[in-house]
Structure formats: structure tokens, C-alpha cells
There are 2 protein chains.
Amino acid sequence: MPPIRIALAQVNPTVGDIAGNTAIVRDWTRRAADAGAQLVAFPEMMLTGYPIEDLAFRASFVAASRAALEVLAADLAAGGLGELVVVVGYLGKVVESADRLGVPKGSPQNCAGVLHGGRVVARYAKHHLPNYGVFDEARYFVSGDTMEVVQVAGVDVALCICEDLWQDGPSLAARASGAGLLLVINGSPFEANKDDVRLELVSARAREAGCALAYVNMVGGQDELVFDGDSIVVDRSGAVIARAAQFADELLVCDLDLPAARSVDELRTDAATGLRIHHVTGADAAAVAREPVHASIAPRLDDRGEIWQALVTGLRDYVRKNGFRSVLLGMSGGIDSTVVAALACDAVGAADVYGVSNPSAWSSEHSRSDAADQAARTGLHLRTVPIANLVEAFQAAIHLDGLALENLQARIRAVIWMGLSNQEGHLVLACGNKSELAVGYSTIYGDAVGGFAPIKDLLKTQVWELARWRNAEAERRGEVPPIPPGTITKEPSAELRPGQRDTDSLPPYRLLDDVLDDYIEHDHGSRQLVEAGFAPELVDRVLQLTDRAEYKRRQYPPGPKISSRNFGRDRRLPITSAWREHSEPRRTS
Amino acid sequence: MPPIRIALAQVNPTVGDIAGNTAIVRDWTRRAADAGAQLVAFPEMMLTGYPIEDLAFRASFVAASRAALEVLAADLAAGGLGELVVVVGYLGKVVESADRLGVPKGSPQNCAGVLHGGRVVARYAKHHLPNYGVFDEARYFVSGDTMEVVQVAGVDVALCICEDLWQDGPSLAARASGAGLLLVINGSPFEANKDDVRLELVSARAREAGCALAYVNMVGGQDELVFDGDSIVVDRSGAVIARAAQFADELLVCDLDLPAARSVDELRTDAATGLRIHHVTGADAAAVAREPVHASIAPRLDDRGEIWQALVTGLRDYVRKNGFRSVLLGMSGGIDSTVVAALACDAVGAADVYGVSNPSAWSSEHSRSDAADQAARTGLHLRTVPIANLVEAFQAAIHLDGLALENLQARIRAVIWMGLSNQEGHLVLACGNKSELAVGYSTIYGDAVGGFAPIKDLLKTQVWELARWRNAEAERRGEVPPIPPGTITKEPSAELRPGQRDTDSLPPYRLLDDVLDDYIEHDHGSRQLVEAGFAPELVDRVLQLTDRAEYKRRQYPPGPKISSRNFGRDRRLPITSAWREHSEPRRTS
């Protein structure tokens, strides 16, 4: 049983920043070498970031990724790191077997490269291309058809990429290949509680493969997606040997004693799975360091803590990776903007958070005082720009009433926020939650403006829960709770007309959110909802409001996905649609 | 050679309106019967509209589509139309062979149903699922694996659906099946000059199949897509027998003399193509009418005429299918809003077009007079709401300058348009063109507001061309040209500061559009562009402007696709991306 020390580099690449991502690989390979590792693995599409969407079609981008891989191999060797085996995700293309199934030569592939001795000694192309939910890989990539098994330090290491692990086949092929380790590189986005599912999967596949399994995932935010890390190493029984923290860069190092490699160098087809297996020998790594390493198993965040951290990570990376330093948001004193302000303080620091309070004739006193209270609690900047005069000026030009007048106020506020953003360079944050977005309870070009919408995938009841959680967390740490308690307990109101309450227009949020969860995340139709016990009138109303608000959602800014189906990449509906769910059965013609 | 009369129903379904779409099928089947047809074919996904996007995942929607098909068959028979064979697209699901390739039973399929004698006598599931460009069918559907050949009036008719015709296989299987007619039902969206490609394809596939080919396409607009009809019948040599008009409902009827059907009723696998071929006998249709029908071949629109008509169709259907009656737009006197106003008059009639002129301190006299001139030419409603006072009111509250002040004006105008829209119920139109959208030369939440953007896929030079074409067309018809000639010839300016010209910030449009065309529609990188003769500084500047404006495009309203790659469904890029094309080669690490 040869001993092998492996390192999983749980890092944060940026889409398109090939130079920067390559620099991360160089730095962390050095760290892995310093830790005595013989093998270091980086996430899926490490060199390009992930997901790259239609950049996959840019020949110049594919060429840059492929060239960067070769240069990286040479640079590592030149830097004395040639003995370490480095597995790294990159954007490749079909070079050989160009006529396979009519696949054109040059088609992009989602690849893992194995670097050793200054060269790329093996390349693996992802077999299973996810094309559901937020994934569109069938649009971009051509599947690989060969499993690569690379001998590292006397151990056979089989490779696969992300979705390959979720599908049957690769783990059985790993078993057939006699590999001692199945190494999986990933770009697996966060969803609430996905870490539990992921651990179960990793353990089950290790048992299927009959070998240890190492799973490395990226961290960081990319538009709507947040990657939570949670890299894992399990033994052949599926027991956890090492596990990295969530949402943090980490080099996860552990020692494994694995079966000796077979001495073959061949390409054969496995009878059971039909997969081609390519055994590569010769990636002999340096001998393992003498002192055994202590493999760490990071504690898990609790359910609310991991959602909070996902939102902070998504926001921070959107700001940073898009070249902003500061954010601006309208602070109404309501729970939504209060929670967004608290998230922003955690993401970029209160010194770079600019709140704007825009009281109207109908704003309550507590709205103003709650915003000021939060500024005092956190240290964020707050300024006040009243809008009564502006409302009057518009009313003199075009006289509006009813909903049009309510929207006017929201839009005047937006003009102020965008003006200050343009003048001072802040990213504007939209503060809408998923319940509002669902039923269209927002003003397009009003409160809906912004470059990023941190809580758009949180139902209103989750907003309250997280507010309570964040304050409790502050108390636990001996810090000032960032959220004025009154904003959590007061009745929600848009304050766009005297005495307005959200429940004038909407069902109570606890009820609304239950319906929305079933409708949006589980595709339940109205009959199913009524069978589940919801009142038919409620169901019809909520579903019709939701269906009719699609046009607003299309123009809403992106925000971090934390649910199993977010508005955006995950749920894609036509704007023009006459389909209306009805709680009563009806003849369709 | 049995004679057969076929009818292709080129009609306009609405996504989600199963009852309405079914009613169209009933009405047009009656018309086909009155015309003596023995077979009538409707477009792809006729009962549900197309594309339905994630509605495919709604079990209630799939069930409604499948039920509607059965009810339709019974209703047609009850109405005395049972003898006519009706081929109609619908949303089906995997019922049999549920374990094929691990496909779960109940997975949605894109189907054609054959109705006869009150029953569904055959069902065909689309084999080739397009997953490129604007298409995402691999996300939604499971492929069929059997070719259906149905005997109609003594002729073997083989079926396929849209993309099936663009891929090799089905035409060869049609030949192998000995079919006399290959019938293709389609939901094929418009692109400039696609009709030429389509005719070539139809002719070539007819020759391959060795039989006549009938191609029926839908018409109408659905969000970003416009379907142009252009239904075609060719003989086995590929020669056109009948062809429907573009962008118009039409029942295309023609008589064919085709080889007699084989008398088989079997399921077998074709050795050459590997396809399963299912021969169904028994759909005996009524005898052909005695009087031969005159098959019409509609004249083609010219290149500009077809683009204009695509934009009119897309706009008209977006308005109508979303329940609006009227539109509102800001009329700056510039060429873009002038062309949008002319399109709107053609789409919904001038009586339902509401223009708003919002002169500022820096608006030129001709801007105001050109808007008034167009109102006089067309009869659209025009009102003027000056914004100088509103600008002053905002400046008193937050003092802005430079670009922030320019944007302020655009946003004040947007607040007025949206207020009037909310108050009066008009759909707001955004007037941006593709060149502006590309380089980000627009104000988000300012001129970019609206529910629909009719010219967002027209480059600026195309806007001018179409303006000239539309005026010439009016003159040809003896009508008043709708576009004031001065708006076509004057220098473009946003008029957001004194003496401003577009060329202060942008290259001349002719040059800009040439670069954009290569970059956006053809994915040329900067080195290719420089090799093509563009100046490196120009290329770097245009590409960087374009890359950095992605966040604005994400929040821009939808508009009709007329190019081979529109912003929206067609071109999908990350907002967060550090990838920058450079005209000079560089080391990537």
C-alpha cells in the first residue's frame, strides 16, 4: 500500500481572467509542494473560471486557455515544481477523433489536464454534460469518451469532472480500472443543504468505485452562482478523511495509503461500462514527506449560517470581480433593505456601504429612525434626500394617481440612487425578495433598479429568519446586532400611500411563501396545491400574480441563487404566455 | 400514382393558449375540408405554442396538451371532419419504453399527432433536439426514435419535425420507408435571408428522400422570436409546387400525384439508418375533389421588406398576446424613435400610438419639429412634457454633473413615460438599436425602459436603411412617407449636453457596425479583426465597450430577433468576466 499525500486547492477563479487564474494555480501549487503533497488538484475550469457561457464559442478564448495550460506546465517545472503532479480544469477542444459521431474538430470541451515534468501528460474531457437547472453544457461542450487513469507516486488515479460523479458509469469504470483513487474536480454551485447531498453522493460513489475519492470544489461568486467549496476526501468505505470549510479558500491536505498501481500503459475498452480506459504511467511524483499530516475536517455552518455566507460571498465577489469598491442602497427602514445593508456590511465593510433614505410625505417616523439606527449600529454612511418636492414637480407636469402615483415615488427614489451611483461610482443594490419578485410586488425602474440583488432568492419569511439569525450571531460574538429589532417585528409596508400594508394586496407572507415554494420550486399545479390544502381562491390569485410578473423578473438584476430553483438561470418561462393554472378542472378546448 | 390534395395551415398559435390554439385547428381544418383537402398539417407544437420554455416541466400543462389532442380528434369527428387526416404538433410525453436509455416515463416530448376518425392514429416524437442559438430543446425534451409512416388516401406519408429536416437521417429513412411524401411540421424562427436557406434545404432533402416534401411553418411573434411562415411544397426533384406568403396566415393547398402506398402495417428497423420505421395503414381519407386546385407560389418580400415585416409582426403580437391595445414611446426626433414610431403605426395603427416629446434645455428646435412632423404624417398622438423644471428640482436635491447629469435627463423622461403608461395602460417601447446596445451607449432606467424593444436587433446603419426603405415604400403606394426625411439625414445626437454628437463618444456608425457584425455575429476575435483591416485601437475600443455593457443588456427589454445572433436568447455571456480581447498577441500568464 504506497502512501500518497494529496492536496485539494479550494480556490476562487474569476471567469475570463486566465492570467490571474493561472497565477493562483502557480501560488497554490507552491503551497502544496511546501506541504509535501505529491498531487494537487484544482477545480473544474480553473483556468477560465466557470461557467463561461458563450465565451466557449470564442476561438481566441479556447486558444488562450489551451496555451495557458502548456505555459503553466513549463512554468511550474521551471520553478522547481515539475515533480508535483497537478490536475487542473481548463477549456479544451476536440483535437483527435474529430469525426467521432460527426463532432467537428475544434468543438469546445470541459477538460482536466494533468501536468508533470513540464508537460501535459494526460487530458480528460468531461463525459456527462449537465443541461438542466442552471446548467447548459450541452450547448457548449462535446463529451469525452475515455477515462484517464494516471499513475502518481505508485498509485493509479482515475479522473472525472463534476456531473460525471452524479451519473452512473464513471465510478464503475474507476473500479474496472483498478484505480486506488478517484479524483473529481468540480464547479458545483451552492444550494441550501446541498452539502449533505454531496457528502452522501461522494461516499456512495467511493464504495461503488471501491477506492478512495477526492472531491475538490471551487469557492466564490459568479453572477447568479455561488460556489461553496466543501471539498472532501473519503476512503473506500465512504468515511470522511478530510473536509474543507465552506465559502473559504483552503488547501486541504491529507495522507492516504492506497493500493499499488498496475504496471500498464494501455488504452482498452471496459466490457461492463463500455467506457474506454486509458492507463498512463510515468507521472512519478516526489516521495512523500516523513511527518504525517493532520487531515482536518472543518465544522459545518448551520442552515441559516450557510445561506448568509452564500449571500455575502455572492455579493462580495460580484462587487470585487466587476471592479467596484462600494455599494449604495435605498434604506426604507423595512426589513428587506435592512437585511441587504447588513449583508453589504459583511461583504464589503460598512465603510464602503452608502445608504440613502428618501422619505416621502407618507413615510412613517420609525422608517427614518430605523435607517438611522442601523447606520449607528454598523457605521455605514447614511444620507437623507426627501422626495416630496420631486413628487410635486412631477405632479405639476403629469398628474398621476392610484398605482401610477405609488410607482412615481419609487421611481423618483431610483433616479436619485442611480444619479449618486453615476456621480460617485457605487454599485446600486436592489433589495427585493423572492416573494415580491414572484407576485410582482415591486416597481420596475423603481425599487427594482440595481446592478445586483442580494436577497432576490430569499422568500420573505426567510428574510425575517436570517435577520434574527444575524442578530443572534452578533450577540453570540459579543458584537452589536446590525439590524434594528423593530424592523424585524413591524408590519411590512411599502409606504407608498397613507396607512398602506403589504397585506392590503397580498396574503400573509407565511401562507404566500408556502404556496410559492410548492409552485416555483416543485412545479406543483393548482390542483395539486388545492389537494395539499390551500384555498382555491388563494392558489388562483397567487399563481396568476406570479405568471403575470414574468416581464418584471426579466429586467430584474441578477442575485445569488440559494434555492433549488431561482428566478433567472434556473426558472425560464416565456413572458408571453396565456397558460393559467386553475384550481378547478376544466375542459381545455 | 394516387392523387392527393394536401393543405398546410400556416397559422399563429399563442404560447399557453391551448383552448385558443385548438380552436384555430378546428377552424382551419374546416377550411381545409371545404377546399377538398384529404390531409391538413399544422405547425410544430401547435396546441401549446412554441417555444414553451420551462412550461414543459409543468405536469399540468403536459396533461392539458395531451388531453386537448384527444378531445380535438373527437370534436373533429363529431363535426363531420373525421375523414380528413390532421397532423398537428403538441406537447407529449414518454409513455411507452420508459426504461429506454434511462429516460424516465413522463419526460416531455415534442410531438406530432395524426388524427383520423375521431382518434389519434399515430404519434411521432421529434428525433433531433436543437440546443444551439435560441434553442434549448435538450433541456426540455426526450428524443423519439421511430419514424412514423402513415397511409393517407393510398399514399405513404412520413413525418418529421423541424430540426429533423436539418439533420441527416430522417430524409434517408423516408426513402427507406418508400414514402410518397415527407411531411415536416415546423416552428422555425425568422432570420434575415433564412427563407433562401430554407428553400435550398427543403429541395435538397426532397431529392435525398426521393419523394415530395411538404413543409409547414407557423407565423407570428413570441417574445424575441418571429415566425415567418414561408410554408413550401416541393416535388421529388426539389422543384417548388406551392409556397405561402411570409408573415401571413394562409392555407396552402395543392394537388400531388404520388406513388401508391405499400400495404404493410409493421414496425421494423432500417438497416442503413438504424431508425425504426413504423408503418401505419388505415387513415383512409375522403376522395379527392374533382376540380384541380391552383397551387399558389407567393412572391417573396425584398430583403428590407422582410425585416420590416418581421419587426411589425413581432411588435404586433407582443402587444396583442400580452393584452395591450396601445403603445407609448419617447419621441426625441432622432432616427431610432422615429423608426420605432413608424413600426408601431404599422403594427397597431396610429390611433393606438402615443408619442411623448420631452424637450430639455439642450434639445434642438428640429428635434421638436421632427416629432410633430411625424405625428402629422401618421396621425399618432403626440404630447409634450418639458423636463427643464424637473432637472432643476433634482439638481436642488442632489447636484450631479457630467455623465451623471446626462443620465439624469434620460431617467426623468423614463419616469414620465412609465407614469403615463401606468396611468393610461400603454405598453412602453424602448427605442435602442443594436449598435447602441452593443457599446452601452444608452442610459439604463432611462431611454432603456420599456416592455418591448422593436429595433434592438437592428444595427444603426440598418435603422437608416429601413427608414429610407419605408418612406420609398410609402411613395410607391401613393401614401405619405411616415418618417420626416430630416431625421434620416441629420447627424445623430443624444442631445444630453450642448452640441453633443454620437461621434464624440463612438466611431462613425458605418465603421462601428462593421466591427460589431464580425464580433457579435461571427465571434471574430480582435486578432482576426485586425487582420481583416480594422485599426487595432478601434478594435480594442469597440470590443471593450461591448464586453463591459453586458450588465445593461441583461436588463434591457426583449425585442424581435432578425439577425443570426441577437442579444438575448442567442448570445449569452457572463456579466462578470475579465476576458478582454486584445489586438496584439500576449502571453496569457
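Results, tabulated for the structure shown:
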{"quantity": "Part-to-part distance (alpha-carbon centres) for the range A:411-433 and the range A:518-558, which is given in Å", "calculated": "30 Å"}
{"quantity": "Residue mean of other protein chain beta carbons inside 10 Å, B:55-68", "calculated": "4"}
{"quantity": "Positive-end residue of A:Ala35, A:Asn131, A:Ala344, charge dipole of chain A with Cβ unit charges", "calculated": "A:Asn131"}
{"quantity": "Dipole magnitude of chain B, debye to nearest 20 (Cβ charges: Lys/Arg +1, Asp/Glu -1, about Cα centre)", "calculated": "780 debye"}
{"quantity": "Percent carbon-and-sulfur accessible area, chain A, ignoring ligands, DNA and RNA, probe 1.4 Å", "calculated": "51 percent"}
{"quantity": "For B:Glu531, inter-copy label distances in nm, listed shortest first [label point 7 Å out on the Cα-Cβ vector]", "calculated": "6.1"}
{"quantity": "Distances in nm from A:Pro104 to the matching label points in the other copies, shortest first (labels 7 Å along Cα to Cβ)", "calculated": "3.4"}
{"quantity": "Loop sites in the range B:100-183: trypsin sites (Lys or Arg not before Pro), DSSP, at most 13 other Cβ within 10 Å", "calculated": "B:Lys105"}
{"quantity": "Charge dipole of chain A about the Cα centre (unit charges at C-beta), most positive-ward option of A:Gln500, A:Ala112, A:Val155", "calculated": "A:Ala112"}
{"quantity": "Per residue solvent-accessible surface (Å²) - chain A, probe of 1.4 Å", "calculated": "34 Å²"}
{"quantity": "Charge context of A:Val449, other residues only, Cβ under 10 angstrom, K/R +1, D/E -1", "calculated": "+2"}
{"quantity": "Which of A:Ala272, A:Ser296, A:Leu213, positive extreme of dipole for the range A:163-296 (C-beta unit charges)", "calculated": "A:Ala272"}
{"quantity": "Pair-distance profile P(r), taking every C-alpha pair of the range B:1-57, with 5 angstrom steps and integer %", "calculated": "4, 20, 25, 19, 13, 9, 5, 3, 1, 0"}
{"quantity": "Dipole magnitude of the range B:409-481, debye to nearest 20 (Cβ charges: Lys/Arg +1, Asp/Glu -1, about Cα centre)", "calculated": "120 debye"}
{"quantity": "A:Gly349 long-range amide H proximity, modeled H, under 5 Å", "calculated": "none"}
{"quantity": "Net charge, B:Ala344 excluded, C-beta distance under 14 Å - Lys, Arg +1, Asp, Glu -1", "calculated": "+1"}
{"quantity": "Global geometry of the protein assembly as shown, whether rounded, prolate or oblate, following the gyration tensor of its Cα atoms and the 1.5 cut on a/c", "calculated": "oblate"}
{"quantity": "The protein assembly as shown, dipole about Cα centre (Lys/Arg Cβ +1, Asp/Glu Cβ -1), debye to the nearest 20", "calculated": "200 debye"}
{"quantity": "Solvent-accessible surface ranking, highest first, for A:Lys321, B:Lys460 at 1.4 angstrom", "calculated": "A:Lys321, B:Lys460"}
{"quantity": "In order through the range A:299-311: 3J(HN,Hα) via Karplus (6.51 cos²θ - 1.76 cosθ + 1.60), integer Hz, x for Gly, Pro", "calculated": "x, 7, 6, 6, 4, 6, x, 6, 5, 4, 5, 5, 5"}
{"quantity": "Ascending list, in nanometres, of distances separating the B:Gly379 label from those of the other copies (7 Å, Cα toward Cβ)", "calculated": "6.8"}
{"quantity": "Residues of the range B:398-446 buried by at least 50 Å² on assembly (accessible area, 1.4 Å probe, chain alone as reference)", "calculated": "B:Ile398, B:Arg411, B:Val415, B:Met418, B:Asn422, B:Gln423, B:Tyr445"}
{"quantity": "Cross-link pairs A:Lys105/B:Lys105; A:Lys126/A:Lys194; A:Lys105/B:Lys561; A:Lys126/B:Lys105; A:Lys434/B:Lys561 - those with Cα-Cα distance over 32 Å", "calculated": "A:Lys105/B:Lys105"}
{"quantity": "Prolate/oblate/rounded call for the range B:81-200, Cα gyration tensor, a/c under 1.5 rounded", "calculated": "oblate"}
{"quantity": "Geometric extent, Cα atoms of chain B - Rg, Dmax (angstrom)", "calculated": "26.5, 87"}
{"quantity": "Exposure ranking of A:Trp464, A:Trp166 by accessible area [1.4 Å probe, largest first]", "calculated": "A:Trp166, A:Trp464"}
{"quantity": "Gap separating the Cα centres of the range B:10-34 and the range B:191-242, nearest whole Å", "calculated": "21 Å"}
{"quantity": "In sequence order, calculated HN-Hα J values of the range B:24-37 (Karplus, 6.51, -1.76, 1.60; Hz; x Gly/Pro)", "calculated": "4, 4, 4, 4, 7, 5, 4, 4, 5, 5, 4, 7, x, 6"}
{"quantity": "Relative contact order for the range A:427-556, counting Cα pairs under 8 Å that sit 6 or more residues apart, in percent", "calculated": "28 percent"}
{"quantity": "Loss of accessible area when B meets A, both sides summed, Å² nearest 100, probe 1.4 Å", "calculated": "6900 Å²"}
{"quantity": "Highest-first arrangement of A:403-412, B:233-242, where packing means the average Cβ count within 10 Å", "calculated": "A:403-412, B:233-242"}
{"quantity": "Long-range amide H partners of B:Met331 with built H, under 5 Å", "calculated": "B:Val356, B:Ser357, B:Asn358"}
{"quantity": "MRE, 222 nm, helices only [DSSP H, n ≥ 4, -39500 (n - 2.57), over the protein assembly as shown, to nearest 500]", "calculated": "-11000 deg cm²/dmol"}
{"quantity": "Using alpha-carbon coordinates, inclination of helix A:536-548 to the longest axis of chain A, degrees", "calculated": "70 degrees"}
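The values are calculated or read from the model by the stated rules, or taken from the named source; none is laboratory data. It should be emphasised that the depicted structure is a prediction, and the values quoted were computed from it without experimental measurement. Neighbour counts run over all protein chains shown; Cβ positions are idealised from the backbone, glycine included. Areas reflect the complete protein model, heavy atoms only, side chains present, ligands, DNA and RNA absent. Shrake-Rupley method; radii C 1.70, N 1.55, O 1.52, S 1.80 Å.
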